[in-house]
1. Just rank Ile155, Ile200, fewest to most, by other beta-carbon atoms within 10 angstrom.
2. Using only DSSP helix segments of four residues or longer, with each worth -39500 (n - 2.57), what per-residue ellipticity at 222 nm results for the chain after dividing by its residue count and rounding to 500?
3. Taking GluC sites (Glu not before Pro) as exposed when DSSP calls them loop (any state but H, G, I, E, B) and at most 15 other Cβ atoms lie within 10 Å, what is the longest stretch of the chain free of them, the sites themselves excluded?
4. Which of the trypsin sites (Lys or Arg not before Pro) found in region 118-184 are loop residues per DSSP with 11 or fewer other Cβ atoms within 10 Å of their Cβ?
5. Based on the alpha carbon coordinates of region 2-205, what radius of gyration and maximum Cα-Cα distance (Dmax) apply, in Å?
6. How large is ³J(HN,Hα) for each residue in region 146-154, as worked out from phi by the Karplus curve 6.51 cos²θ - 1.76 cosθ + 1.60 (θ = phi - 60°), to whole Hz, x for Gly and Pro?
7. Using θ = phi - 60° and the Karplus form 6.51 cos²θ - 1.76 cosθ + 1.60, what ³J(HN,Hα) does each residue of region 102-117 get, whole Hz, x for Gly and Pro?
8. Suppose R0 equals 22 Å; then what is the FRET efficiency for Ile187 and Tyr91 from their Cβ-Cβ distance, rounded to the nearest 0.05?
Amino acid sequence: MKKLILFLLVSIYPSDISFPQEIKVPVEPSETWLNNQHQPSKLMDAIGLKEGMTIADIGAGRGRMTVFFSLKVGEKGKVYANDIDKEALTYLEHRCQSNNMTNVKTFLGRVDNPKLPAGEVDIAFMVSTYHHLEKPVEMMRNTIPCLKKDGILVIVERDPVRTGQTGRESTSGEELKREAEEAGFEIIKVNSELLERDNIYFLKPK
């Protein structure tokens, strides 16, 4: 009888089902192609994002990366979503409310200042944002106050050499380094292996 019960349990619950089911990130259809390029899960591991941390998503827009960050840092962590586009941030707020993401707070910044709380951020993060900045040196300089003592700035930016693309959609390593130093940062590491088109720059205040 015991063998029969065991057989029935195995038949009803296949071994490839895990409980509880993994929480799904609320990705919108328009974001899929960029997420395929940037591989959010691998990217978050590469930058050292962990549960309980505070990350600032600078240039968050409608929240493509914000929703990944929210689930990664968990209830004990925080996500500060910054942008200069008020309508995009309003959309993001509704998106987070709909998905019960209570650890996200939006901040309307300026072209030269993210306007983030001082001394609270473990990782300030930009992806596909740097080449859009009107005042990159000032923006980076005004990011420094929001960082914790050991906080870092991570910039994910398309590499014109690797892609063969020049102009507004990419930034050379030399240009980024020069502007970062002018802003008071030093590049401590560059990851050119994880992503096909982008370099990942790790910066710390001097």
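Rule-based calculations on the coordinates, nothing more; no lab input. Keep in mind the model is a prediction, meaning the values are calculated, not measured. Glycine gets a Cβ as well: all are built from the backbone with ideal geometry, and neighbour counts include every protein chain shown.
1. Numbers: Ile155 25, Ile200 20.
Ordered from fewest to most neighbouring Cβ atoms within 10 Å, Ile155, Ile200 come out as Ile200, Ile155.
2. Numbers: 8 runs with 67 residues, N = 206.
Only helices count here, giving -9000 deg cm²/dmol.
3. Working: sites that count: Glu22, Glu51, Glu75, Glu120, Glu134, Glu169, Glu193, Glu196.
Here the longest run is 76-119.
4. Arg168
5. Just the Cα atoms of region 2-205 yield Rg and Dmax of 19.6, 74 Å.
6. Per-residue couplings from phi come out as 6, 7, 5, 4, 9, x, 10, 10, 10 Hz.
7. Those phi angles translate into 8, 9, 9, 10, 8, 9, 7, x, 10, 5, 10, 7, x, 6, 9, x Hz.
8. Working: r = 33 Å, r/R0 = 1.50.
So, using R0 = 22 Å, E works out to roughly 0.10.
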